[in-house]
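Colleague: Quick one: this structure, given as structure tokens, is what I'll be asking you about.
Bear in mind that the values in this text are calculations on the coordinates, not laboratory data. Please read all numbers here as calculations on a predicted model, not as lab measurements. Note that we place each Cβ from the backbone using ideal geometry, even for glycine, and neighbour counts take in every protein chain shown.
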Amino acid sequence: MPRRTPPPIEAGREIQETGGEGSGPPRHAGRRPPDIAGPAPFRRSRAPPWARGGRGYNARMTSSPPSFHAVVVGGGLVGKTTALALSQAGLRVALLAPRGAPPPAGAEQFDSRVYALAPSAQALLERLRVWPAIDGQRLGPVLDMQVRGDAFGELRFSAFQSAVAQLAWIAESARIEAALDMALGFLPQLFWREQRAVALDNLSDGPARLTLDDGTTLSAELVVGADGAHSWVRAQTGGTVKRREYEQTGVVANFHTSEPHRETARQWFLDGGEILALLPMAGDYLSLVWSARTEHAEKLIQGGGERLGAEIERVARGFTGTLRCVTPPRGFPLALQKVDRLIAPRVALVGDAAHLIHPLAGQGVNLGLRDVAALADALAAKEPFRDHGDPVLLRRYERSRREDIGAMTLATDGLHRLFSERLPFLRAVRNAGMSIVGAQPFLKRWLVAQALG
Ligand SMILES: Cc1cc2nc3c(=O)[nH]c(=O)nc-3n(C[C@H](O)[C@H](O)[C@H](O)COP(=O)(O)OP(=O)(O)OC[C@H]3O[C@@H](n4cnc5c(N)ncnc54)[C@H](O)[C@@H]3O)c2cc1C
């Protein structure tokens, strides 16, 4: 896979090494990261006033609070990518998020949160020069995908037939976050604080005002809510959210396998609406996502890795080899969430704050990263007379995301419902449907195109 370092989203400022003060970034001063910095020469410079250390900050800023084009609240993968994209585009950005723990070291040390990254996510991370900094030894390509119904239905996809280099990459969340943290650490102009926001005011006129839990106040033209499914930012705007519990838990764990996985992702729709997916990680490792009824999930987790491995082998009937668990199983409750608006005055929502979907298609982060790209594009196209929280820009952002989010929500929820029905008639229909789709190259190409983003 060729690794390029294309330009950032917009010709931004040079990335500079700095002796920034206080607790803020960069944490890597004096060390040039291999690819993130690109060809620009490093110059020692002072961080601008808004980016300097947290302590005593208010004392320096005598009257008005420090002002930003955008304040990003929340630092999952989506929040950190947002801060990076907007900062690299030259905006004054504050990020309110904890710094990630270093990824587990050692060949058999894994983060249990593993993602299938679509080409759209890869493209964004390449544009931001983050992709080359992700440990390549821990990126596994998906070249083939096999989906089995709960009877005779079967679907196969291949990168070769779809004329793409790979269908997705399998990567641990902590490795991506480490690369993002490193990139963010090289932005002296970024104001990065670990405090949480506790108040958001003044949304109707003038810039928004955010108060942090240490009493600091920040002024922002735009507040980006990247704070996950239970978004605090969304709650402050009074936006409505519809949530439906799937009454399933996503059980995740990683396994060593005695048989090569041949870069093939496999998914089984099981009787009763459960879905078992095994994703091919780099080397002879597989990552499990088993969307199981909650009481079954509890049993799977409590039984421990060895019993879980044996249970997967039973379901997979010879497709896995012998499994050895390398990260203890964990569970994540699954739900569907739809928000009425992605925007509010001076607020844009991205990632799980904006949409929560079933993980059966492995698309949550991918959808969130496409939000980031769309928001960065909307802000880059800003007319000079508007500020960054102008309602026209926010509406453009929302419009550009509606179709993608709607289609992915419908598809994942529809599939979940279809396979949850126990009626024999529906069972026959869905399995026949899979076989029919599988025999139609055009339909398959369309499905792959949707999944690739
Ligand atoms: C089992 C499972 C498997 C999945 N597999 C995939 C996959 O293969 N591919 C894929 O694309 N997606 C997958 N997903 C979906 C993916 O996990 C989510 O879509 C993604 O993590 C959302 O990222 P986010 O940054 O929007 O939110 P989060 O990761 O939830 O991050 C939000 C952050 O905001 C912080 N925060 C919250 N409130 C505040 C506050 N007031 N102030 C400051 N910070 C705050 C939180 O601490 C957190 O760090 C999967 C999900 C599950 C459950």
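Colleague: Name every residue in the stretch 92-113 that is farther than 22 Å from G228 by Cβ and of a type in the set (S, T, N, Q), in order of residue number.
Modeller: Answer for the stretch 92-113, where residues must be farther than 22 Å from G228 by Cβ and of a type in the set (S, T, N, Q): just Q109.
Colleague: Of these, A199, A253, A183, which one is within 22 Å of H69 (Cβ to Cβ) and within 14 Å of the ligand (Cβ to nearest atom)?
Modeller: Details: A253 fails: within 22 Å of H69 (Cβ to Cβ); A183 fails: within 14 Å of the ligand (Cβ to nearest atom).
None of the other options fit; the residue is A199.
Residue-by-condition table, conditions (1) touching a strand residue (DSSP E or B) at 6+ places or on another chain (Cβ under 8 Å); (2) farther than 30 Å from A265 by Cα:
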position	(1), (2)
E177	no, no
F191	yes, yes
S204	no, yes
D213	yes, yes
A220	yes, yes
G225	yes, yes
W232	yes, yes
A235	no, yes
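Residue by residue, here is whether (1) over 29 Å from P104 (Cα atoms); (2) within 16 Å of the ligand (Cβ to nearest atom); (3) among the basic types (K, R) holds:
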site	(1), (2), (3)
G318	yes, no, no
L369	no, yes, no
R386	yes, no, yes
S400	yes, no, no
A407	yes, yes, no
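Colleague: Can I ask one more? List the strands (runs of 3 or more DSSP E) that sit entirely inside the stretch 104-167 and contain at least 3 residues that are in contact (Cβ under 8 Å) with a residue 12 or more places away in the chain and within 16 Å of the ligand (Cβ to nearest atom).
Modeller: Values: elements: 114-117, 140-142, 144-148, 154-158.
Ranges flagged: 114-117, 140-142.
Colleague: Could you pull out the residue among V372, V392 that is surrounded by 24 or more Cβ atoms within 10 Å (Cβ to Cβ) and either touching a Gly at 6+ places or on another chain (Cβ under 8 Å) or outside any strand (DSSP E or B) (or both)? Break it down into steps so the answer makes sense when it comes.
Modeller: Values: V392 fails: surrounded by 24 or more Cβ atoms within 10 Å (Cβ to Cβ).
When all the criteria are applied, what remains is V372.
Colleague: Is it the case that the stretch 112-124 has a residue that's of a type in the set (F, W, Y) and either under 26 Å from L143 (Cβ atoms) or surrounded by fewer than 24 Cβ atoms within 10 Å (Cβ to Cβ) (or both)? So that I can check it myself, show each step before the final result.
Modeller: Keep residues of the stretch 112-124 that are of a type in the set (F, W, Y), which gives 115.
From what's left, either under 26 Å from L143 (Cβ atoms) or surrounded by fewer than 24 Cβ atoms within 10 Å (Cβ to Cβ) (or both): 115.
Scanning the stretch 112-124, I find at least one residue that is of a type in the set (F, W, Y) and either under 26 Å from L143 (Cβ atoms) or surrounded by fewer than 24 Cβ atoms within 10 Å (Cβ to Cβ) (or both), so the answer is yes.
Colleague: Among residues belonging to the stretch 267-313 that are in contact with a Phe, Trp or Tyr (Cβ under 7 Å, 6 or more places away or on another chain) and closer than 23 Å to L139 by Cα, point out the one that is surrounded by the most Cβ atoms within 10 Å (Cβ to Cβ).
Modeller: L286
Colleague: List the strands (runs of 3 or more DSSP E) that sit entirely inside the stretch 187-228 and contain at least 1 residues that are closer than 15 Å to K80 by Cα. Spell out the reasoning first.
Modeller: Working: elements: 191-193, 197-201, 208-212, 217-225.
Qualifying strands (runs of 3 or more DSSP E): 191-193, 217-225.
Colleague: Now for a separate question. Among (1) within 14 Å of the ligand (Cβ to nearest atom); (2) in contact with a Phe, Trp or Tyr (Cβ under 7 Å, 6 or more places away or on another chain); (3) part of a strand (DSSP E or B), which single condition is R324 missing?
Modeller: All conditions pass for R324, except number (1).
Colleague: Moving on to the next point. List the pairs whose first member sits in the stretch 315-337 and is in contact (Cβ under 8 Å) with a residue 12 or more places away in the chain, whose second member is crowded, with 17+ Cβ neighbours inside 10 Å and among the charged types (D, E, K, R), and whose Cβ atoms are under 8 Å apart, counting only residues at least 6 apart or on separate chains?
Modeller: A316/R266; F319/R266; T320/E313; T322/E313; L323/E313; T327/D111; L336/D413; Q337/D352
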